[in-house]
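The values are calculated or read from the model by the stated rules, or taken from the named source; none is laboratory data. Quick caveat: nothing in here was measured; it's all calculated off a predicted structure. Cβ sites come from the backbone with ideal geometry, for glycine too, and all protein chains shown count toward neighbours.
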Amino acid sequence: MNSTFKSLFLLDKETVHLNHGSFGACPKPIFESLISWQKKIESNPAKFLAFDIYNHLEESRLSLSEYINCNKNDIVFFPNPSTALNTVIKSLDLKKNDEILTTNHEYGALDKTWNFICKKRESKYIKQKINLPLNSKEDFIKEFVKGINNKTKVIFISHITSPTGLIFPVEEVCKIAKENKIFCIIDGAHVPGHIKLDLKKLDPDIYTGACHKWMCAPKGTSFLYAKKNIQDDIDPLVISWGYDAEIPGISKFLDYHQWQGTNDPSAYLTLPDIIKFLNDYDWINVSKNCHEINIQAKELVGNSLNKKPISSNEFIGQMTSFEINCKYPIDLMKTFYEKYKLAVPIFQWEDKVLLRFSIQAYNSLDDIEKLIKIMKEMRL
Ligand SMILES: Cc1ncc(COP(=O)(O)O)c(C=O)c1O
């Protein structure tokens, strides 16, 4: 662990934590902000949850919108990206034989969401193969656009992929979608706090991001961005009081999605404190440093274990995946936790098994040395 930052986090000291990517980790000052909001709510729940909440949510949306460069009224909070995207995907007017173009690197729960909806609507989920190793943006685009035809109604793609941990060139993908008049949905679960996000510049139709991963927000803090002209087409996943609202707010988008009775909003309200925390600790530099450590770690693992990288460095942020020799990924992950006290995700991906490590402020190359030692011992 990196001693400068490790004391900031609540992570147990006995474990080597190399899996920030899956569920994040929350620093103490941010966790305290969460508890302080919970206490405020408990001091007068009836007033807070019925009246005060709207102004506080607006302040949070304002903070986040400045951080990701979009209008504060074009985002709403959701607990996780899957809930945000289920809301959008279930609202799409998909017809028989319409195609959704994606890649073979997408997040499993969202593959399942698309499979569910495609079965119902008789649409097709087309997974364009992006082969590894990925060595240039040009290779990526050349492969990806092969999947576009006149039936392609939606492009769905991760900005940073889950199993392979790669930064995909979504700027180019959004441009291509626009040129071909294809609805463009970006899954940016891993992006906020990891790489710069400028939604005005990127201009997708839909974007989701998790704040509880790389922005270190409390668990259950994510957002959905929707372009103004399509906001009215997104149905609420759960019908609540904002549907046919007695006192309509400034948009259906906010009425439908931002408030649901007694759902606990406290995690969302920490956003101004999170952004202050990131500024106070100069997180842009922290993240840059983590990226550099990750590139060194990628080389170290590759050289020590004689493993080929799955991409060139231009696709790498703070996560790296390697193919390993393993038949039972879940059993191996448990062995890592229980026997070696090391947290690292291991995925079945296509016909390969991948191990992905994440570098966050609390990590150092010592953690990677420990990982390499275990991988050598287990002949992975
Ligand atoms: C690429 C990607 N999309 C979406 C998600 C959403 O996660 P959840 O299951 O919490 O909604 C993740 C989580 O790791 C992810 O890696």
Q) Residues of segment 171-217 being out of contact with any Ser or Thr (no Cβ under 8 Å at 6 or more places or on another chain), over 21 Å from ARG61 (Cβ atoms) and free of Cβ contacts under 8 Å to residues at least 60 places away in the same chain, which ones? A) GLU171, GLU172, VAL173, CYS174, LYS175, ILE176, ALA177, LYS178, GLU179, LYS181, CYS184
Q.
Exactly one condition in (1) surrounded by 22 or more Cβ atoms within 10 Å (Cβ to Cβ); (2) away from the ligand (no atom under 16 Å from the Cβ); (3) in a helix (DSSP H, G or I) is false for LEU110; which is it?
A. (2)
Q.
What pairs come out if I take residues in segment 138-164 that are under 18 Å from LYS175 (Cβ atoms) and pair them with residues that are within 16 Å of the ligand (Cβ to nearest atom) and charged (D, E, K, R) whose C-beta lies under 8 Å away, six or more apart or interchain?
A. PHE156/GLU106; PHE156/ASP187; ILE157/GLU106; ILE157/ASP187; SER158/GLU106; SER158/ASP187; HIS159/ASP187
(Q) Please verify whether LYS307 is modelled with pLDDT of 95 or more, within 24 Å of SER136 (Cβ to Cβ), touching a strand residue (DSSP E or B) at 6+ places or on another chain (Cβ under 7 Å) and not in a helix (DSSP H, G or I), treating the condition exactly as stated. (A) yes
Q) Quick one: in segment 74-85, which of the residues that are closer than 15 Å to GLY220 by Cβ and within 12 Å of the ligand (Cβ to nearest atom) is surrounded by the most Cβ atoms within 10 Å (Cβ to Cβ)? A) ALA84
Q. Somewhere in segment 43-52, is a residue part of a loop (DSSP other than H, G, I, E, B), more than 28 Å from VAL286 (Cβ to Cβ) and free of Cβ contacts under 8 Å to residues at least 12 places away in the same chain?
A. yes
